[in-house]
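Peer 1: For reference, the structure I am asking about is given below.
The values are calculated or read from the model by the stated rules, or taken from the named source; none is laboratory data. Here the structure is a predicted model, which means the values were calculated and not measured. Note: ideal-geometry Cβ built from the backbone for every residue, glycine included; neighbour counts use all protein chains shown.
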Amino acid sequence: MINIKENEKLNILNHSCAHLLAHALKHLYPNAKFWVGPVVENGFYYDVDLGDQVLTEEDLPLIEKEMKKIAKSDKLIKRIELSKEEAKEMFKDDLYKLDLIERMDEEETIISAYKQDDFIDLCRGPHMPTTKSMKYFKLIKFSGAYWKGDAKNKMLQRIYGVCFDTEEDLNDYLNELEEAKLRDHRKIGKDLSIFMSHDLVGKGMPLWLPNGATIRKQLENYIYEKERKMGYYHVYTPCVGTVDLYKTSGHWDHYKENMFPTMKVDEEEFVLRPMNCPHHMLVYGNELHSYRDLPIRIGEFATDFRYEASGAVKGLERVRCMCQNDAHLFVRPDQIGEEFKKVVSLILDVYKDFGLKEYKFRLSLRDPLDKEKYFDDDNMWNEAESTLREVLNELGVEYFEAVGEAAFYGPKLDVEVKPAVGPEVTLSTCQLDFLLPRKFELTYVDSDGTKKIPVVLHRAIFGTFDRFTAFILEETKGVLPLWLAPIQLNVIPVNNQYHLQYANGVFEELKENGFRVELDDREEKLGYKMRESVMKKIPYSIILGQKEVDNRNISYRTHGSEETITVSIEEFIKLISDKIKNREV
Ligand code: TSB
Ligand code: ZN
């Protein structure tokens, strides 16, 4: 989808359309007060205070109608320049605009506003020359938004819209938007009973239903197998730690705003953990290590809790309770390149297995001029950054560099993906860390008998099971490959009276062979049951009628195909066993 914010022409058009929206609102709700109306990736929005007036779905077409009226009347959009004092005088009854004026840079002596007929708004511009320029626009939705994004402030109403040059572009965009809504994992998750939420459990705390739990278990098995083959050892550690643990790690000082508040039990003060690194540092420190033992790879499917803003939580993609596919790799400095290469290769391997193609590698580096933000050791940074670059080049991986985005403790590589709806998110990550092992006084005995400090690589291939599942559901539109599908096979007798007994036998045999299979023995028509099987996105529907009973075989259809294929049960079992074993996509 086109990024409107980054397209110069569309940016100006959408910005002007935001003013048009505010203008129309002012006509319809004379007491309306306006906060900000920026252009975003998908168009524009305006945050507005409508007093006691609460918008409903029916209001959007009415607002749009008024916008069209103003647009057609072809009003000139004029730039006006004011001094700060003049601006304050002009907006003296408008707390929101006064707040904006107050917050403007000291240096900014001239403030610009744009006027179209009877409406004027503070704005840097530029704008289209007349209101007539906005012909093809649509208001998309509205939601609540706290003033300045702070839950302590008043809730404003945010109205979203989009504007294009041509009717065709607008229609294409609206179609894409519809398609994206269908792909949204929150819709698929509900339709396929994968997860639910409940106010009694809390925001950002999804409950994985049996279908979702099956998917998650398969993902766990899959990555566990891969990690074991690569020499990882897995542990279980508690999802709480004492405040002192997080003081030692430095999270208490640098990550506290992302953590849940503390709780006291007897004399100990606990926090729900936001990360697992401190626990894994202690596991490493539990034994003495020689240089020959390294790399040591400690993995865990670990539950973490993070405070995410209530407006930011989203289905399984951004949650407050998550499970990381985490590992901490303890390496000697000379092993950084080799180990990093293994992690990147694993990421590539996993993405290939899932058929993922749309993703971007981002290499986050320090800003060498920013001496405050980064751990101060020029040599270490230079060496580490060039090692990571070399590995990526060696593997032929395309990546972009983000200077100034590294963590305090080292450079990192992230994989960015685009969800169906909303901005890009990080899936996989691999972060180099020179500091944490020092904080926990971790060592290994080097070949010369001296104690040395290991380097740590934090890495999560799926990121979290939560976010990865969200992404996979969107990529596949819910049509999961056989090995991952919660229900793999659906046995459907054509007529219960004559075929149920045989169907039952087939069902039992398939179940016995370890497949996730259901038997649809409801007294419904075959067509109805088949349609439901398709809606549930079950990979194989097995249809058993008189011919199959007589020949002791089965007929099946795969999801998305109209072709019916007849085989013996043995052949069928062999066919799908192979597909599952090879995790075919
Ligand atoms: C990799 N200590 C490291 C770990 O060793 C760590 O926690 N890194 S992280 O902060 O980047 O988180 C790991 C991954 O978790 C991210 O790459 C992202 O894919 C996923 N993640 C982060 N926050 C959320 C969230 N709120 N909901 C779902 N997944 C999340
Ligand atoms: Zn970590």
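Peer 1: Take the residues in the stretch 318-356 that are within 14 Å of LEU427 (Cα to Cα) and touching a Phe, Trp or Tyr at 6+ places or on another chain (Cβ under 7 Å), then tell me which one is farthest from ligand 1 (Cβ to nearest atom).
Peer 2: TYR351
Peer 1: Would you please name the residue that is modelled with the lowest pLDDT, looking only at residues in the stretch 340-382 that are in a loop (DSSP other than H, G, I, E, B) and aliphatic (A, V, I, L, M)?
Peer 2: Ranking the qualifying residues of the stretch 340-382, first place goes to LEU369.
Peer 1: While we're on this one: Going by the conditions given, is THR443 of a type in the set (Val, Ile, Thr) and within 16 Å of ligand 2 (Cβ to nearest atom)?
Peer 2: No, not satisfied.
Peer 1: Could you tell me which numbered condition GLY337 fails, if it satisfies all but one of (1) in contact with a strand residue (DSSP E or B) (Cβ under 8 Å, 6 or more places away or on another chain); (2) over 30 Å from GLU584 (Cβ atoms); (3) at pLDDT 95 or above?
Peer 2: Failing condition for GLY337: (1).
For every residue, the table says whether it meets (1) away from ligand 2 (no atom under 15 Å from the Cβ); (2) crowded, with 17+ Cβ neighbours inside 10 Å; (3) not in a helix (DSSP H, G or I).
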| residue | (1), (2), (3) |
| --- | --- |
| GLN218 | yes, yes, no |
| ILE223 | yes, yes, no |
| PRO238 | yes, no, yes |
| ASP244 | yes, no, no |
| LYS247 | yes, no, no |
| PHE260 | yes, no, yes |
| HIS279 | no, yes, no |
| TYR284 | no, yes, no |
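Peer 1: Turning to a different aspect of this structure: Test ASP293 against the stated conditions and say whether it is more than 16 Å from ligand 1 (Cβ to nearest atom), assigned to a loop (DSSP other than H, G, I, E, B), of a type outside the set (Ser, Thr, Tyr) and over 25 Å from the mean Cα position of the chain (by Cα).
Peer 2: Here the answer is yes, as ASP293 does meet what is asked.
Peer 1: A follow-up question, please. List pairs: first in the stretch 303-320 and within 21 Å of ILE472 (Cα to Cα) and away from ligand 2 (no atom under 16 Å from the Cβ), second in a loop (DSSP other than H, G, I, E, B) and of a type in the set (A, V, I, L, M), Cβ under 6 Å, 6+ apart or cross-chain?
Peer 2: Correct list of pairs: ARG318/ALA312; ARG320/MET205.
Peer 1: Kindly indicate which of ILE453, ILE461 is within 14 Å of ligand 1 (Cβ to nearest atom) and among the β-branched types (Val, Ile, Thr).
Peer 2: ILE461 is the lone residue from the list that is within 14 Å of ligand 1 (Cβ to nearest atom) and among the β-branched types (Val, Ile, Thr).
Peer 1: Oh, and also: Report, by residue number, each residue of the stretch 561-571 that is part of a helix (DSSP H, G or I) and without any contact (Cβ under 8 Å) to a residue 24 or more places away in the chain.
Peer 2: Result: GLU570, GLU571.
Peer 1: Of all residues being aromatic (Phe, Trp, Tyr) and touching a residue at least 40 places away in the same chain (Cβ under 8 Å) in the stretch 170-209, which is farthest from ALA309 (Cα to Cα)? Just the residue, please.
Peer 2: TYR173
Peer 1: Determine if the stretch 532-540 includes at least one residue that is more than 31 Å from the chain's Cα centre (by Cα) and crowded, with 17+ Cβ neighbours inside 10 Å.
Peer 2: No, because not a single residue in the stretch 532-540 is more than 31 Å from the chain's Cα centre (by Cα) and crowded, with 17+ Cβ neighbours inside 10 Å.
Peer 1: What number of residues within the stretch 496-519 satisfy the criterion of being more than 23 Å from LEU207 (Cβ to Cβ) and touching a helix residue (DSSP H, G or I) at 6+ places or on another chain (Cβ under 8 Å)?
Peer 2: Final tally of qualifying residues: 10.
Peer 1: Could I ask something else about it? Looking at VAL456, VAL479, VAL549, which is the one that is within 16 Å of ligand 2 (Cβ to nearest atom) and not basic (Lys, Arg)?
Peer 2: Criteria check complete, one pass: VAL456.
Yes/no matrix, rows are residues, columns are (1) within 30 Å of VAL350 (Cα to Cα); (2) not small (Gly, Ala, Ser):
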position	(1), (2)
ILE223	yes, yes
MET230	yes, yes
HIS234	yes, yes
PRO238	yes, yes
LEU245	no, yes
SER249	no, no
TRP252	no, yes
PHE260	no, yes
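Peer 1: Looking at the stretch 394-429, which of the residues that are in a loop (DSSP other than H, G, I, E, B) and crowded, with 20+ Cβ neighbours inside 10 Å is farthest from ligand 1 (Cβ to nearest atom)?
Peer 2: Restricting to residues being in a loop (DSSP other than H, G, I, E, B) and crowded, with 20+ Cβ neighbours inside 10 Å, the top hit is ALA420.
Peer 1: Scan ASP150, ASP165 and give me the residue that is without any contact (Cβ under 8 Å) to a residue 12 or more places away in the chain and surrounded by fewer than 17 Cβ atoms within 10 Å (Cβ to Cβ). Please lay out each step first, then the result.
Peer 2: Details: ASP165 fails: without any contact (Cβ under 8 Å) to a residue 12 or more places away in the chain.
Exactly one residue qualifies, and that residue is ASP150.
Peer 1: LEU20 fails exactly one of the following numbered conditions: (1) free of Cβ contacts under 8 Å to residues at least 40 places away in the same chain; (2) buried (at least 18 other Cβ atoms within 10 Å of the Cβ). What is the number of that condition?
Peer 2: So the condition that LEU20 fails would be (1).
Peer 1: Tell me, yes or no, whether the stretch 323-332 has at least one residue that is within 30 Å of ASP199 (Cβ to Cβ), more than 16 Å from ligand 2 (Cβ to nearest atom) and of a type outside the set (Asp, Glu).
Peer 2: No, the conditions are met nowhere in the stretch 323-332.
Peer 1: Can you list the strands (runs of 3 or more DSSP E) lying wholly within the stretch 430-520 that have 3 or more residues being over 16 Å from ILE542 (Cα atoms)?
Peer 2: 455-464
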